[in-house]
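Asker: Here you go, one structure.
The values are calculated or read from the model by the stated rules, or taken from the named source; none is laboratory data. This structure is a prediction, so every number in the text was calculated from the model and none was measured. As a convention, Cβ positions derive from the backbone with ideal geometry for all residues, glycine included, and neighbour counts pool all protein chains shown. Keep in mind that these areas ignore ligands, DNA and RNA; they rest on the heavy atoms of the full protein, side chains included. Shrake-Rupley method; radii C 1.70, N 1.55, O 1.52, S 1.80 Å.
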Amino acid sequence: MYLKRPAIGLFFCLFYLAFYFTNKYVLSVLKFTYPTLFQGWQTLVGGFLLHVSWKLGWVELTSSSRSEIRSWLPCSGLFVGIIYAGSRALSRLPIPVFFTLHNAADVLSCGIQRCTLKEQVCPARVWSALFLLIAAGCLPLHDAQFDPEGYFWAVVHLICVGGYKAYRKSQKSSLISDLDQQYINYIFSVVLLAFASHPSGDLVSALEFPFLYFYRFHSGCCASGILGFVLMLTTVKLKSSLSSAHYASWNFLAKVVTAGLSPFVFDITLNVPTLCCLLLGAVGEALMVYSDRTGA
């Protein structure tokens, strides 16, 4: 956590790549499609490691009042929707497709902020939103691996992400720090997903999972939990060290590297229209990053 800014950014990209590749491996290759258990495990590991880090003095958590915690609970509910729907979508969609649909959440977030906070939208952001919407809207029409359920959960995921970003920005005057917000998210998620695991059928179905006692499954789950926690810490450190525009640049770079390398590891069928949609989505996000950095 005492690394210089470029090193933090490079580590962020590395952990971002490793986290998504590990999740994709467990969800798609091993086909462990029980999100209440998988995401419950990740948030349990993240919450436990964050609590231990706090007790050891490695990170600082501040005590929040009950009213502050209650005001943050809607965001925690959206966080559960993000990880649950995201897990279901990622298990069925290639990583580049998932990222293209995920990026459309920025359009929803900007729209909510424009309506509720009366923020002015610059021309570059309008073009960016247009490119992102076209890319996400045309992608299912040309995707050779079209999966209706995967796209459905991706839409649920992007709605939750857009709502989370908009609500979080509306609560920016809150005294709850980023780490405290994540700590509350972890606790809320563990409790809610634990109660939902049995009614959803995941708890019973997981007992029949063919790789339940294989080391590949155990190591993948352990890696996903630890990588998720480290990625969260690196993200918080990067956000605190850089402006939001510079953080967006590193986040964009991490997505491009992860999406660009994923076809060499996981199966994906690309045709010309699909590739054009993916590239248009990348251009739209790049334009949004550019508008944040220049204010144009």
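Asker: Rounded to the nearest 0.05, what FRET efficiency do residue 58 and residue 11 have when you use their Cβ-Cβ distance and R0 = 22 Å?
Answerer: The formula returns an efficiency of 0.85 here.
Asker: Quick one: Cα centre-to-centre distance for region 164-239 and region 87-110, in angstrom?
Answerer: 18 Å
Asker: Hey, another quick one. With springs only between Cα atoms under 10 Å, which of 200, 177, 65 fluctuates most in a Gaussian network model of the chain?
Answerer: Residue with maximal mean-square fluctuation among 200, 177, 65: 65.
Asker: What figure, in Å² to the nearest 10, do you get for the accessible area of residue 250 with a 1.4 Å probe and non-protein molecules left out?
Answerer: Near enough 60 Å² of accessible area.
Asker: Still on this model: Taking the Cα of residue 240, stepping 7 Å toward and past its beta carbon, and measuring to each backbone N in region 59-80: which are under 16 Å?
Answerer: The answer is 59-64.
Asker: Does the chain come out rounded, prolate or oblate, given a ≥ b ≥ c as the square roots of the eigenvalues of its C-alpha gyration tensor, rounded meaning a/c under 1.5 and, failing that, prolate meaning a/b above b/c?
Answerer: rounded
Asker: Please report, as a whole percent, how much of the solvent-accessible surface of the chain comes from carbon and sulfur atoms (probe radius 1.4 Å).
Answerer: 69 percent
Asker: Show that you can apply the helix-only estimate: for the chain, add -39,500 (n - 2.57) for every DSSP H stretch of four or more residues, divide by all residues, and state [θ] at 222 nm to the nearest 500.
Answerer: Roughly -26000 deg cm²/dmol at 222 nm, from the helical runs in the chain.
Asker: Heads up, I need the accessible area for residue 31: 1.4 angstrom probe, whole protein in place, Å², nearest 10.
Answerer: Here the residue's solvent-accessible area equals roughly 130 Å².
Asker: Residue 165: which aspartates and glutamates have alpha carbons under 20 Å from its alpha carbon, excluding same-chain residues fewer than 8 sequence positions away?
Answerer: 68, 106, 119, 178, 180, 285, 292
Asker: Tell me the label-point distance for the pair residue 253, residue 29, using the 7 Å Cα-to-Cβ offset, in nm and rounded to one decimal.
Answerer: 2.7 nm
Asker: Something else: What aspartates and glutamates could a cross-link reach from residue 24, if we take a straight Cα to Cα line under 18 Å and drop same-chain neighbours fewer than 8 places away?
Answerer: Qualifying aspartates and glutamates at Cα under 18 Å: 147, 149, 267.
Asker: Is any residue of region 258-283 close enough, with backbone N under 16 Å, to a label point placed 7 angstrom from the Cα of residue 142 along the Cα-Cβ axis, and if so, which?
Answerer: 269-283
Asker: Send over a whole-number figure in Å² for the accessible area per residue of region 147-240, probe 1.4 Å.
Answerer: 51 Å²
Asker: Moving on to the next point. At 1.4 Å probe size, what's the solvent-accessible area of residue 267? Round to the nearest 10 Å².
Answerer: Surface accessible to solvent at residue 267 totals approximately 140 Å².
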